[in-house]
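Here is the structure we will look at.
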Amino acid sequence: MIYQGEHLWVGQLGHFFVLLSFIASLVATFSYFKATQAKLVEEHNSWKKLARISFIIETLSVLFTFVLLYLIIYNHYFEYEYARRHSSRSLPTKYLLSCFWEGQEGSFMLWNFWHCVLGLIVMSTAKKWEAPVMTIISLAQVFLASFVVGLYFFDVKIGSSPFVLVRNENPWAPIFQDPQYLQKYLRDGNGLNILLQNYWMVIHPPVIFLGFASTVVPFAFAMAGLWKKDYREWIKAALPWTLFSAAMLGVGIMMGAAWAYESLTFGGYWAWDPVENASLVPWLIMVAGVHIMLVNKSTGHSSKASFWFLFLAFLTLVYSTFLTRTGVLGDTSVHSFTGEGDSLFWHLITKMSLFSLLFIFLYFKNSKHIPVVKKEEEISSREFWMFVGALVFFISAAYITFYTSLPIVNKIFGTNKAIGEDPEYIYNRVMVLIAVIIGLLTAITQYLKYKGTPRDFWMKKVAVPTVIAALISLAISIFGKISYDKYGAGYLGAIHLALFASIYAVVANIAYIWSGLKGKLKAAGGSVAHIGFGLVLAAILITSSKKEVISINRTGIMIPGLTDPKGRPDNGLENITLIMGVPAPMGKYTVTYEGDTTLPNDEKLYFKVNYVRMDSATQKIKEQFTLYPDAFLVKGEEGRTQLSANPDSRHYWNKDIFTFVTSMPDPEAAKDTATFKNIVVRAGDTIYYSKGYILVNQIIEANKNSNKDLPLVDSAWLADVSVVSNDGMSYKANPALFAKGNSLIPKRDTVISQSLILQVDKTNNGIALGVKESNAVMKYITLKAFQFPFIGLLWLGVIIMTTGFFISMFRRFSAS
């Protein structure tokens, strides 16, 4: 059958280049291996030339597959499964790149692309290290290429290709009996996950995957050092790459935090989600590895540990991929990939096992020959405390890995262990103590000298920074009113200690640049990174302990059925209900929901929320601004419309006002098709409705002859009623009916939380109370708002820390 409208040439080219990249990576690996093993210069150069050609072919193939897949997505070729699953015609062009790396195959291709770029740089700069280092990089490349090759080896499927046709994936579907299935049935795709429709998801994945790809380079240098039995010189070549990897991983992780802050509604930037944890662990070990390598380069100590830290950084990176992409985490993560079945599971197991076996074999083969300084480090030496700090980083990484891996532990041992209902406390109770130790070490270690430091010299250097840091942290603790007592006095005390340690790290390293380095910033990369790290720690402590909910509901209108971002029932006390056009007090502000709107080519609904703050003395407007939190309206269970909200924030130098919508009336249910049910009543009567009952307290009748307060109407009938819900809540309502000439004018009253509309009617049998239960009572939203103090300090700290990494990296590259 000839199908109409298919663009088969794109997929055929894509399959060709995917296969070519896989074959070229195999050839490059073998050729570089032979070049490494070659004894003769001519033989070495011959194999290296073939390896380089193969790697360049592989790089070009990866680039072509990248372009072809984007072409499929951009042109909406929905005959391809990848485009159908991840994109749609209504998706804004700026998010099409996000479609590329939403799926497993596209993200592996992105990882593969960065591998190729880094490989080309290593190939042109590594000199004598090129062959052994590129052997390891090319071997890692074999696995990345195989992830998207999509071939069967006997009954075993190797990888999953992004260039498969929908009809080949689902040949049994009846629509493929029609040659015009594209025009009739596949005119649009499923679209991009709404959580990924954010500009951070366009730039965050390329950066974090560059960080992922970079971990293989320092590991490859470590393997090359063992392979070539050069146990010291490899450090000098690997150190700049280790700094680069730590910098890119750190930036990528914090870009993810920025995405979570701007796109998710849990009210923060870090929630100890397993996917977040899996990316953090390699960074912790890589940073520890940087310090261990510096110790080894300067003193010769920790030579064996240097190999292990770089190996573990790479291994935990692959393990994090295993956790987040095979589905083993199940529903414990809000943003992990779904699994690709046993194929990817065993694929990643094989990769971890192979590289582990290769490292362990080379390490123990060379272990006796690795030079070890027999003299123990002096406790007053810089290298001793740098090693302690690296060990603390490693312990924190191990702790996080254990709790993140609980789903795997349960599957292996048949247990049912869980982290508990408050995972943040499980992690934070240990990490706050880690912060104390690391902060103190970051402050004092640079004042120590390698191989030993006179006590008087060290005390003299640290005295002033210590006093300044103590005064600053004491002022913040007292005047900043840090009194986070959710977990008791001990936890609060640890927060104050950690705050001192983080401020100490900042002050001491600023002082060290001035006194120890004489202001030479080119040599101050480590100190600059430490300053940024201290600011990050301080910001985390302040924002977490001083985050304040300002949307306390004092309107008396409670909306039932609210849930928190984790899907748990929410009592609504922290969600203010805003009726459109009606100002409501919220903390220092008066907030008004002014309506909602949509934009062309944008599926989101934007809510206009106006904030006004009055000057208490003059009663004039002191501040006014408008926020536009938005939401996707998605069909949930039983066809009900649900919100997938995105927050909006007002940024100040010292805080953010963070706002998002938690509920609104269902647009479908809000179509009013209900009618009034009229019941003749007298004082004392009770009327039942679906959620409770209505008690008629009194019926008041008046006319203009007997009541001078009715100058505008002839007669009036007023009902004073109490509405009592099944949960015991009571509401007052006063519907009325006015007569003017021959016209009757009803004044209806509403009880929003009960979806009730009440009116008074006059019948031949007396006064009737009209009762209508309707979801279209009134247009409203419920809003949740936080105040984050000094959140900008966090992003500033990340920028400064990254700058420090790059200063050190460029200095080391120049020295090598």
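The values are calculated or read from the model by the stated rules, or taken from the named source; none is laboratory data. Predicted model only: the values in this text are computed from it and were never measured. As a convention, Cβ positions derive from the backbone with ideal geometry for all residues, glycine included, and neighbour counts pool all protein chains shown. We work out accessible area using only protein heavy atoms, side chains counted, and drop any ligands, DNA or RNA first. Shrake-Rupley method; radii C 1.70, N 1.55, O 1.52, S 1.80 Å.
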Of the residues in region 150-182, those that are among the aromatic types (Phe, Trp, Tyr) and within 14 Å of His7 (Cα to Cα) come to Phe163, Tyr181
Given the options Val771, Val760, name the one that is in contact with a Pro (Cβ under 6 Å, 6 or more places away or on another chain) and touching a residue at least 40 places away in the same chain (Cβ under 8 Å).
Val760
If you take the residues in region 478-513 that are of a type in the set (Ser, Thr, Tyr), within 24 Å of Val430 (Cα to Cα) and modelled with pLDDT of 90 or more, which one is most open to solvent (accessible area, probe 1.4 Å)?
Tyr491
Taking only pairs six or more apart or across chains, which ones have beta-carbon atoms under 6 Å, a first residue in region 171-191 that is free of Cβ contacts under 8 Å to residues at least 12 places away in the same chain, and a second residue that is open to solvent by less than 40 Å² (accessible area, probe 1.4 Å)?
Ile175/Tyr181
Kindly establish whether Ser46 is surrounded by 21 or more Cβ atoms within 10 Å (Cβ to Cβ) and either among the polar types (S, T, N, Q) or touching a strand residue (DSSP E or B) at 6+ places or on another chain (Cβ under 6 Å) (or both).
no
If you go through region 270-301 one residue at a time, how many are touching an Asp or Glu at 6+ places or on another chain (Cβ under 9 Å) and in a loop (DSSP other than H, G, I, E, B)?
4
Out of (1) buried (at least 19 other Cβ atoms within 10 Å of the Cβ); (2) touching a residue at least 40 places away in the same chain (Cβ under 8 Å), the one Gly516 does not meet is (1)
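Select, from Ile438, Ile444, the only residue that is touching a residue at least 40 places away in the same chain (Cβ under 8 Å), within 39 Å of the chain's Cα centre (by Cα) and open to solvent by 20 Å² or more (accessible area, probe 1.4 Å).
Ile444 is the lone residue from the list that is touching a residue at least 40 places away in the same chain (Cβ under 8 Å), within 39 Å of the chain's Cα centre (by Cα) and open to solvent by 20 Å² or more (accessible area, probe 1.4 Å).
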Among the residues of region 355-370, write down those that are open to solvent by 30 Å² or more (accessible area, probe 1.4 Å) and touching a residue at least 60 places away in the same chain (Cβ under 8 Å).
Leu358, Lys365, His369
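Inside region 132-215, counting only helices (runs of 4 or more DSSP H) that do not spill past its ends, which hold 1 or more residues that are within 18 Å of Leu317 (Cβ to Cβ)? Outline the logic, then answer.
Working: elements: 166-169, 181-184, 200-214.
It comes to 200-214.
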Within region 759-800, residues open to solvent by less than 20 Å² (accessible area, probe 1.4 Å) and assigned to a helix (DSSP H, G or I) come out as Ile791, Leu794, Gly797, Val798
Before we move on, is Ala719 aliphatic (A, V, I, L, M), farther than 23 Å from Met558 by Cβ and free of Cβ contacts under 8 Å to residues at least 60 places away in the same chain?
yes
Only one of (1) in a loop (DSSP other than H, G, I, E, B); (2) in contact with a strand residue (DSSP E or B) (Cβ under 8 Å, 6 or more places away or on another chain) fails for Glu262. Which number is that?
(1)
Here are some residues: Tyr82, Tyr77. Which one is assigned to a helix (DSSP H, G or I) and touching a residue at least 60 places away in the same chain (Cβ under 8 Å)?
Tyr82
Could you tell me whether Val388 is open to solvent by 20 Å² or more (accessible area, probe 1.4 Å), of a type outside the set (Lys, Arg) and modelled with pLDDT of 95 or more?
yes
Ile72 is checked against (1) open to solvent by 10 Å² or more (accessible area, probe 1.4 Å); (2) in contact (Cβ under 8 Å) with a residue 12 or more places away in the chain and fails just one. What number does that condition carry?
(1)
Does Leu605 satisfy being under 26 Å from the mean Cα position of the chain (by Cα) and not small (Gly, Ala, Ser)?
yes
